[in-house]
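Working notes, beginning with the structure itself.
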Amino acid sequence: MPSNNQIGNQLEREAAQISKRHSGMIAFPTIGLALLIFCLYIFVLFMFASGYLGPLISTLLLGILTFASYTPLHEAVHGNVGASNRKYKWLDYVVGLLMSPLISIPFNSHKKEHLAHHAHTNSDEDPDVHLQNMFESVKDCYRETLRAIKTQNTFVMDNFTRTEIAVTIGWRLLFVLSTGVGSVPVLFFGWFSGAFLTTFLFSYLPHQPFKDAARWKNTNIQLFSVRWFENLMFKQNLHAVHHLFPRVPFYNYRKVFDKLEPTMRKKETPIIDIINRRPI
């Protein structure tokens, strides 16, 4: 009769084989998404500057696009755009550097910070673990979001990162100079709302309550009653799939989860309702 360790190792091997079947290809959907987001962002800025869109709707749209921009950036950080072919590794830099100025997260610094998060998830060495305090008060909500953004920008402060920050600040200054100070709240709240949404949906909810550091238990699966809604989160409700197998692109999380769900339940991965937070 096989031991628990043998059974566990067999489950690991089977899970790894499933993940490999859904990774390793050039991520054309991610590239398309990045180009769409970038073009729409420029379009919204142009429409606002031309007077065709008011401040409120412009802020809302920029917030949505800022949130959306993190998914391609995140994929690029993990090398999932050019995938396993080193010849196309430049695609990760193109996508990452294209999204970076929108969400104000330097690709270079964030890559080091985010990989540290994966290596030390929910431990004291996790650079994101402070987010467990995010909803202790309104003040903490605001403060921890800004702290998270600061961490992304300063985790690695070299000339590459400084150049990215200069570009991020520079294009906004040029836009304000060309359109007037009335664009400042549109740019700021458009950015901050998207940054907050990203921090909440990508970093806080998937790891809450930030207690378990075990590989199969440090991130949760959050299920909607209507599956289609997970597309609005770019499938980050299935974030445990990503932490287990970071080379699986976001658009394949659902396929992998559907095949891995029995294994994840055996491994006691938290699988909860996204609304009431109760186990399913």
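The values are calculated or read from the model by the stated rules, or taken from the named source; none is laboratory data. These numbers were taken from a predicted model, which means no experiment stands behind them. Every residue, glycine as well, gets a Cβ built from its backbone with ideal geometry; the counts of neighbours run over all protein chains shown.
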**Study point:** For N252: the one exception among (1) touching a helix residue (DSSP H, G or I) at 6+ places or on another chain (Cβ under 8 Å); (2) closer than 29 Å to K89 by Cα; (3) of a type outside the set (F, W, Y)
**Key:** (1)
Check your understanding: Among the candidates L260, L197, which residue alone is surrounded by 17 or more Cβ atoms within 10 Å (Cβ to Cβ) and within 24 Å of S123 (Cα to Cα)?
Key -> L197
Practice item. Might you check whether a residue that is under 19 Å from the mean Cα position of the chain (by Cα), modelled with pLDDT of 95 or more and assigned to a loop (DSSP other than H, G, I, E, B) occurs anywhere in the stretch 265-279? Key: yes
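What residue, of V184, V156, is assigned to a loop (DSSP other than H, G, I, E, B) and over 15 Å from the mean Cα position of the chain (by Cα)?
Checking each option against the conditions leaves just V156.
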Exercise for review: Exactly one condition in (1) within 26 Å of the chain's Cα centre (by Cα); (2) farther than 24 Å from N252 by Cβ is not met by R86; state its number.
Suggested key: (2)
Check your understanding: Considering F28, F67, F46, which residue is exposed (fewer than 13 other Cβ atoms within 10 Å of the Cβ) and within 23 Å of the chain's Cα centre (by Cα)?
Key -> F28
Practice item. Being part of a helix (DSSP H, G or I) and in contact with a Pro (Cβ under 6 Å, 6 or more places away or on another chain) narrows it down to one of T199, T151, so name that one. Key: T151
Practice item. Residue by residue through the stretch 210-232, note down the ones that are more than 16 Å from Y251 (Cα to Cα) and β-branched (V, I, T). Key: T219, V226
Review point. Name the pairs whose Cβ atoms lie under 7 Å apart, with the first residue in the stretch 66-94 and outside the structural domain of Q236 (by TED's automatic domain parsing), the second in a helix (DSSP H, G or I) and charged (D, E, K, R), and 6 or more positions between them or separate chains?
Key: A76/D92; V77/K111; G79/D92; V81/E75; V81/D92; G82/D92
**Study point:** Residues that are surrounded by fewer than 20 Cβ atoms within 10 Å (Cβ to Cβ) and among the hydrophobic types (A, V, I, L, M, F, W, C), drawn from the stretch 99-143
**Key:** L115, A116, A119, V129, F135, V138, C141
